[in-house]
Structure formats: structure tokens, C-alpha cells
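*Asks:* One structure, as C-alpha cells, below. Some questions next.
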Amino acid sequence: MDKRVSNKSVKIRLPNNKEVTLPIIESTSGPDVLDVRNLYKKTGYFTFDPGYLSTGSCESKITFIDGSKGILLHRGYPIEDLAKHADFMEVSYLLLHGELPNKKQKETFEKNIRYHTMLHEQMKTFIQGFRRDAHPMAVMVGTVGALSAFYRDSEDFSNARQRSISTHRIIAKMPTIAAWAYKYSLGQPVIYPNNNLTYAENFLRMTFATPCEDYISNPIITKAMNQLLILHADHEQNASTSTVRLAGSSGANPFACVSAGIASLWGPAHGGANEEVMKMLMKIKRNAKIKDFIKRAKDPNDSFKLMGFGHRVYKNFDPRAAVMRDACHNVLNELGRRNNPYLAIALDLEDAALNDEYFKKKKLYPNVDFYSGILLWALGFPLSMYTAVFAVARTVGWVAQWKEMIEEPTRKISRPRQLYSGYKRRDYIELDKRDKKKSILKSISSIIKTTMKSR
């Protein structure tokens, strides 16, 4: 028996008066769960939970969230501590392996990532097959999915060594792919990675350097980018992460699984929140009446909503927001862009949210998406790259989740059930008889209507 199964259980009485007992499995943190794995076998009933809002789809030791208390832990470590004191490679190692690395482990891990940053040269030709105006996320979905065609030396995922090589490749190559997708959209030549730079520095350089002018690293900007990557590295089970696990449960290669995760993240309800923040700021700038928009946000009858305020998971405060706020303000001070009209509006909104009693009462605080949207704009990223940057950061979380699932001894292919509401069994009607049947039914319907009118 599972050691985590408690002595507690729940009894459910079915319509036929039959009772079934459901064991309760204890969690180390957060709510315990009802074990319904044998429910259908015992009763013939499924549970119905669209969106999996009350269903634990897997067991994981990677990330824990308590939205009501504003807690986000990676392997037990608070996200705010990791973002302030660690770098992205440390956090990546932690998510993948369960513990923070020592000095030697970190050096080895960084070396493995560093020497996988290049793409197969033919990948450049692959990218050139896309239209120039293609969205970077479209390019990333296709390119990441195609990686398995170029790196076929590590396809046996039952082998721990080959799993490790594949995970390192995905993490290392994602910034290169994202930067190349951006360069391609501009018509600029791609910039190859520089193995003397850190992960964050390399990404910034490949994105903004040109053959004519190299990108000069700025410690404040590099730190901010590093923190942004950490804060978006993993966020427990969500649409994209669950997509990666769902695809991986069939035994699909990790490149295909991460590609599926990118496609899910691309959806506006998931990864596009910080992009929506900037679109809102642009809308406000066009009207140049910020007070009117704040007034509209307070009006319950107005459809306008402030993007980047409050959070559907973190009910009281977002633990990532404070770190991102400091990073954002440090960059704005360093670049001297406080006079930028969009950023000026953002700061006015921030002031309103932090000091207005309405926003305080409704807990509409600036969240991580609000500050990351401003930060990415200040760094020079266009809106089309916002979700792509998110994908670069989240890749390590996806890979860690995939790795955890693959290494689970009791792994099964995901098989969600459904509540069927379609037709019952029907008889097949031959093609030449279908119009005749419709004509007969129409005539019967017409006769019934005429009869009813005559009455």
C-alpha cells in the first residue's frame, strides 16, 4: 500500500444505494486528494471536471503553489529567495535534479549547457522556409518540434544518459531558436552563441547584436533578464505543462513534447498576459486620459479591465511580483527611460494600484506580468517576442516535468474520459436514400403544422 495513504477515507453512496470507499492520499503541502483511480472499475462511474479544476492529474515533487498565502516553492525553496540569490542555471539544475548544485556540479552543468547552444547549420535553412512575417512562436513550434530530426543520437529515453543529453540540448538551444526567429523576422543575419557568456547574456546578445555592432553586456540588465527567466521557469501544473506531460505519456520524444508546450503557451489565455499589459498601455496612451481608465476599472458595469493586476492563482499577492518590480525599476533607472510615455503610464497605474483604496480592497495589485511586460519593453523586445521569451524561461520547467514523468515507474499513457452527449446508435442510410428520407420527414412536419393550425 502507498505509504501516503492515510487512515481517512470518504464513502460515496450511489443511486443504486451501493457504497464505495475512496482512500485519501496525503500531500506534503497543500490539500490531500481523493483517490478515484479505481472509481470506474468499482462503480461504472467517471468524475466530470472540465478544465481539471478539482483534479490532480499527476504526482510531482517539483513545484508547490499556495495561491491564498502567496507561496511558490521550487523543490521547497521560495521563489523570491531563488530569484534574489541564485542564477538561472542553478534553478535549472534544482528543477531537474531536486537539489541545489555544489560548485563542481554547477560548473559541469553549465559546461554541458554551454556546449549545446549551437544549432545544426541546416536548421538555418529550415527557419528560412517560414514567411518573414511569421510570428516567432510559430517558428519556435515548428523548429523545436523538428529538433528530433537533427539529433537522433539520443532517442532511447529509457537510457538515463540519453535523457540527460536531450534535456541539456533543449534548454541550451531554446534561446538560440528564439533569437534566430526574431532576427529572421527583421531580415537581419543570425548571431551565433558565444560560449564565454552566461545563459542570460547569450540570449540578449543573440537577440540584439548585429555583425556591425556587438551587444555590450550590462550587469543590471543581465541580472534583470536572469531574474525574469527564474520567475517564469516553472509554475506547477497548468495548460502548457500538462500538455507536455500528456504528450510525453505516449513516449513521444521531448522535442515534440516541448513543441506542444510552446503551442499551448502561445494561447492568449496562458502566455500572453504581459503582452496584453503593453497593449493596454498603448490603448491608454492613444486616449491620453489615464484617470478615465482608472475610473472605468472601478465601474462594475464597464467591460474594461486593467491587465496585469491581481492574479487568479495568487489571491492576496504574487510572490514573484516584488522581485520583478525591483528588477523593472532598476532597469528603468539604468536606461533612463522613465520619460517613455508607455512606461510613464505604467508607473502611474502602479501608483494607483498601490495607493488607491479600491484596488487595495479588491486586491488588484500589480502582478509579475505587469512588471515583466514593462521590463521587456524597456529592454527593446517587441510584443511578438514576449511569449517567446516566456517559452525560453519555461522550457526548463517543461523538461523537468517531462523527465519526472518519464522516470516514474508506474507511468501510464494519459487517457482522459468524457461525458458523451451526442447521438445514440443510429442506422446507416445509403446516400441515394438520404434526400428521400428528408423529404418525407419535411412533408410529415408540414402536415402536422397544418393540422395544428386548423384546430
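Where a number appears in this text, it was derived from the coordinates with a stated rule and is not lab data. If you're wondering where the values come from, they're calculated on a predicted model, not measured in any experiment. Cβ atoms come from the backbone with ideal geometry, glycine included; neighbour counts cover every protein chain shown.
*Asks:* As a check on your grasp of the helix formula, calculate [θ] at 222 nm for the chain: sum -39500 (n - 2.57) over DSSP H runs of n ≥ 4, divide by the residue count, round to the nearest 500.
*Replies:* Taking each H run of at least 4 residues, the total per residue is -17000 deg cm²/dmol.
*Asks:* For the pair Ser250 and Lys41, what calculated FRET efficiency results from E = 1/(1 + (r/R0)^6), where r is the Cβ-Cβ distance and R0 = 22 Å, to the nearest 0.05?
*Replies:* Using R0 = 22 Å, I get an efficiency of 0.45.
*Asks:* Please compute the modelled spin-label separation between Arg161 and Ala344, points set 7 Å along Cα→Cβ, answer in nm with one decimal.
*Replies:* So the two model labels end up 6.2 nm from each other.
*Asks:* Sort 225-232, 211-218 for me by packing, meaning the mean count of neighbouring Cβ atoms within 10 Å per residue, highest on top.
*Replies:* So the order, starting with the most tightly packed, is 225-232, 211-218.
*Asks:* If you don't mind, there's one more thing I want to ask. First measure r as the distance between the Cβ atoms of Phe317 and Leu53, then evaluate 1/(1 + (r/R0)^6) with R0 = 25 Å and state the FRET efficiency to the nearest 0.05.
*Replies:* My answer for the efficiency is 0.65.
*Asks:* Using Cα pairs under 8 angstrom and six or more residues apart, how large is the relative contact order of region 5-56, in percent?
*Replies:* Over region 5-56, the number comes to 24 percent.
*Asks:* Quick one, which of (i) 1.11; (ii) 1.05; (iii) 0.98 is the actual Rg/Rh (Cα atoms, Kirkwood Rh) calculated for this model?
*Replies:* Computing Rg/Rh (Cα atoms, Kirkwood Rh) and matching it to (i) 1.11; (ii) 1.05; (iii) 0.98 gives (ii).
*Asks:* Once both labels are modelled 7 Å past Cα along the beta-carbon direction, what's the Leu100-Thr28 spacing in nm?
*Replies:* 1.6 nm
*Asks:* Past 32 Å, Cα to Cα, is the threshold; run Lys124/Lys305; Lys173/Lys412; Lys41/Lys433; Lys42/Lys315; Lys283/Lys361; Lys11/Lys305 against it and keep the listed order.
*Replies:* Lys124/Lys305; Lys41/Lys433; Lys42/Lys315; Lys11/Lys305
*Asks:* Another one. Give, rounded to the nearest 20 debye, the magnitude of the charge dipole that the chain has about its Cα centre when Lys and Arg contribute +1 at Cβ and Asp and Glu contribute -1 at Cβ.
*Replies:* 2500 debye
*Asks:* Quick one: length gained pulling Arg337 to Gln128 fully straight, 0.36 nm per residue minus the C-alpha distance?
*Replies:* Taking 0.36 nm per residue and subtracting the Cα distance, the gain is 71.8 nm.
*Asks:* Can you give the direction-averaged projected area of the convex hull of the alpha-carbon atoms in region 132-285, in nm²?
*Replies:* 11.2 nm²
*Asks:* With a point put 7 Å past each Cα toward its Cβ, work out how far Leu419 is from Ile71 in nm, to one decimal.
*Replies:* Between Leu419 and Ile71, the label points sit 3.3 nm apart.
*Asks:* If you don't mind, another one. Distance between the C-alpha centers of region 288-340 and region 128-181? Whole Å please.
*Replies:* 34 Å
*Asks:* Now, a different point. Relative contact order for the chain: what percent, with Cα pairs under 8 Å and sequence separation of 6 or more?
*Replies:* Averaging sequence separation for qualifying contacts and normalising by length gives 18 percent for the chain.
*Asks:* Figure the gain on full extension for Tyr115 and Glu213 (residue separation times 0.36 nm, minus the Cα-Cα span) and round it to one decimal in nm.
*Replies:* Result for the pair: 32.8 nm of gain on full extension.
*Asks:* Additional query: Applying 1/(1 + (r/R0)^6) with R0 = 51 Å to the Cβ-Cβ distance of Ile440 and Lys283, what FRET efficiency is obtained, to the nearest 0.05?
*Replies:* That gives a FRET efficiency of 0.35.
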